[in-house]
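The values are calculated or read from the model by the stated rules, or taken from the named source; none is laboratory data. Everything quoted here is computed from the prediction, not taken from an experiment. Please note: Cβ atoms are built from the backbone with ideal geometry, for glycine as well, and neighbour counts cover all protein chains shown. Just so you know, the surface numbers come from the protein's heavy atoms only, side chains and all, with ligands and any DNA or RNA stripped out. Shrake-Rupley method; radii C 1.70, N 1.55, O 1.52, S 1.80 Å.
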Amino acid sequence: MRYAVIPAAGVGRRFGGKKQFFTVHGRFLIEYPLSIFQKSELIGGIVLVLPAEDVDFGERLKEKYPKIKKVVEGGSERQESVYRGLTAIDEPVREVVVHDGVRPVIDTALIRELVIALSDYDVDGVICGVRPKETVKEVGSPLEPGDFFVKRTLNRDKLILVQTPQVFNYSVLLECHERAREEDFWATDDSALLERYGYTVISIPGDYRNIKVTTREDLEIVSIFLREKL
């Protein structure tokens, strides 16, 4: 059995609203990744993590997406939301796929590629990412908001922009989350926890269209990509 945990508990402070519930081409944004995981034959169940006040709405989504086995209340940080999703799984699972609920432009082929890579490379986690297109610089002390001293230019050949989905050995990911909680360590994605505790993670190619909706401009861009899939 392989589960997906989809954290979508953000309140959208920068966006100006809960972006997971914005309507794009007649569907809530959260429904796009849900539909892909519902279609994937590699996924046996989904745990959907939502804000406390939206859990009832998530329960109603089960009628449309029956692979949703649990809808749980998220935490104030993404890491806490993922942890709650992991601990809500109450049947034996070997692997878990974690995917941001506001990354709608994915397909079942990417899920398959991640799962195959986890098996072929015999590692603890597989992520996807893309090469930066722009020159990337490390900055130092701020001058004014948005202004910085430039320290150096980074080698793009050694950098990727990390995306989700990410697939992990379930017991390893749960262990890393529990250790991070004990140490009060917080990371921006789950693979960083495996890195911290010495587990092996590899990266495979992602997709430049796989944008995480953070701003209104992002929503406009993914709307174009999603129209192509209709």
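Summary table
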| quantity | calculated |
| --- | --- |
| Criterion (assigned to a loop (DSSP other than H, G, I, E, B) and surrounded by 14 or more Cβ atoms within 10 Å (Cβ to Cβ)) met by exactly one of Pro104, Pro132 | Pro104 |
| Top-ranked residue of the stretch 35-59 - restricted to ones that are within 23 Å of Phe225 (Cβ to Cβ) and not in a loop (DSSP other than H, G, I, E, B), ranked as most open to solvent (accessible area, probe 1.4 Å) | Lys39 |
| Close pairs (7 angstrom Cβ cut-off, 6 or more residues apart or separate chains): without any contact (Cβ under 8 Å) to a residue 12 or more places away in the chain in the stretch 139-165, surrounded by 10 or more Cβ atoms within 10 Å (Cβ to Cβ) and small (Gly, Ala, Ser) anywhere | Phe148/Gly140; Phe149/Gly140 |
| Count - residues of the stretch 60-82 that are open to solvent by less than 80 Å² (accessible area, probe 1.4 Å), outside any loop (DSSP other than H, G, I, E, B) and of a type outside the set (A, V, I, L, M, F, W, C) | 5 |
| Every pair of residues 6+ apart whose Cβ atoms lie under 6 Å, when the first sits in the stretch 48-69 and is in contact (Cβ under 8 Å) with a residue 40 or more places away in the chain and under 24 Å from Pro92 (Cα atoms) while the second is among the polar types (S, T, N, Q) and buried (at least 19 other Cβ atoms within 10 Å of the Cβ) | Val49/Ser81 |
| Checklist (1) within 26 Å of Val82 (Cβ to Cβ); (2) in contact with a strand residue (DSSP E or B) (Cβ under 8 Å, 6 or more places away or on another chain) applied to Ser171, failing item | (2) |
| Residues of the stretch 153-165 satisfying the condition of being farther than 27 Å from Val82 by Cβ and surrounded by 10 or more Cβ atoms within 10 Å (Cβ to Cβ) | Thr153, Leu154, Arg156 |
| Leading residue by the ranking (nearest to Ser203 (Cα to Cα)) among those in the stretch 135-149 that are hydrophobic (A, V, I, L, M, F, W, C) and open to solvent by less than 90 Å² (accessible area, probe 1.4 Å) | Val136 |
| Tally of residues being of a type outside the set (Val, Ile, Thr), crowded, with 18+ Cβ neighbours inside 10 Å and not in a strand (DSSP E or B) across the stretch 86-101 | 4 |
| Residues that are among the hydrophobic types (A, V, I, L, M, F, W, C) and under 16 Å from the mean Cα position of the chain (by Cα), drawn from the stretch 12-54 | Leu29, Ile30, Leu34, Ile36, Phe37, Ile43, Ile46, Val47, Leu48, Val49, Leu50 |
| Residues of the stretch 3-21 satisfying the condition of being buried (at least 19 other Cβ atoms within 10 Å of the Cβ) and not in a helix (DSSP H, G or I) | Tyr3, Ala4, Val5, Ile6, Pro7, Ala8, Ala9, Gly10, Lys18 |
| Scan of the stretch 194-230 for residues that are touching an Asp or Glu at 6+ places or on another chain (Cβ under 9 Å), surrounded by 15 or more Cβ atoms within 10 Å (Cβ to Cβ) and in a helix (DSSP H, G or I), ordered by number | Leu194 |
| Matching residues in the stretch 23-34 - criterion: being assigned to a loop (DSSP other than H, G, I, E, B) and open to solvent by 60 Å² or more (accessible area, probe 1.4 Å) | His25, Gly26 |
